[in-house]
C-alpha cells in the first residue's frame, strides 16, 4: 500500500531553535500534502495545505512566518517551525494525497513528529 | 461549528462481537468519507472509504455504511479482535483532494 514517511519521529530542543520536519511519499506522487497538528485528547487540526510548486495555504490562526512550508517536489514537503517556543510543543502529522481519473483517493499519513520544546 | 461529529468518545466490545462506530456530518458538500485507525504517537492509518455515490463498502471485516439523507455513516467491524483496540477517526472531504475534516474520534476497546 501507499507509504508516507515522516522524519524525525521525535525532537527535543531548546526554546528559540528552528526545527525542520520532512514528509515524503514513498511510492506515489502526491499532488497535495497536508500538515496537521494534534493536541492531547483532541482531533487532528489542519494547519496548511501545500501543492507542489506553489505557496502553501494556511488555515486561519496559523502563522505562516512561524510555520514555513515548502513543497518542492511531488514526493517531498517540509515544515519548519521557526524559533520554536514551549507552546509549539505538539504532535505534527503530514498526509499526502493524489487524484486519479478514477476518482478520489484516500490520504495517507506519516507516523507523526513529537516536538518538545524545553 | 463541528462539521463531522463522533458523539461516542469510547466504546467497549467483547472479542468476536460486532463493533459499530457512528459518525454524523453537517456539510452536504462532503462526497467522500474515510475511516482511520490511530494508535498513540502514530499517524492515522487508512482503513476504508466510501464515495457518496455508494451506500455501502466492504473490505474484509470492515464495512462502512453511508446514509446520505440522514448525513450519517457507520463503521462495522465483525468479528472484533483485541488488535482492533485503538482510536477510530471518521473524516470527510469534498472531491477527495481537499483537506480532511475529522471527527474527534472514538476509542474502541475490544475485550478478550
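The values are calculated or read from the model by the stated rules, or taken from the named source; none is laboratory data. The model shown is predicted, which means the values in this text are computed figures rather than measured ones. Counting neighbours? That spans all protein chains shown, and the Cβs are built from the backbone with ideal geometry, glycine included.
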Original post:
In the stretch B:7-51, how many residues are more than 10 Å from chain A (Cβ to nearest Cβ), over 20 Å from residue A:95 (Cα atoms) and in a loop (DSSP other than H, G, I, E, B)?
Top reply: 10
Subject >> Close pairs from the stretch A:99-118: first more than 7 Å from chain B (Cβ to nearest Cβ) and modelled with pLDDT of 80 or more, partner buried (at least 19 other Cβ atoms within 10 Å of the Cβ) and in a loop (DSSP other than H, G, I, E, B), Cβ under 8 Å, at least 6 apart >> reply: A:115/A:84; A:117/A:84
Original post:
When residues of the stretch B:57-108 are filtered for being more than 14 Å from chain A (Cβ to nearest Cβ) and either part of a loop (DSSP other than H, G, I, E, B) or in contact with a helix residue (DSSP H, G or I) (Cβ under 9 Å, 6 or more places away or on another chain) (or both), how many remain?
Top reply: 12
**OP:** Output the number of the condition that residue B:101 fails; it satisfies all remaining conditions of (1) at pLDDT 95 or above; (2) crowded, with 18+ Cβ neighbours inside 10 Å.
**Re:** (1)
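Hey, can you tell me all the residues within the stretch A:6-36 that are in a loop (DSSP other than H, G, I, E, B), under 18 Å from residue A:95 (Cα atoms) and touching a strand residue (DSSP E or B) at 6+ places or on another chain (Cβ under 7 Å)?
A:8, A:9, A:26, A:30, A:31
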Original post:
Of the residues that make up the stretch A:37-53, is at least one touching a strand residue (DSSP E or B) at 6+ places or on another chain (Cβ under 9 Å), more than 14 Å from every other protein chain (Cβ to nearest Cβ) and either at pLDDT below 90 or not in a loop (DSSP other than H, G, I, E, B) (or both)?
Top reply: yes
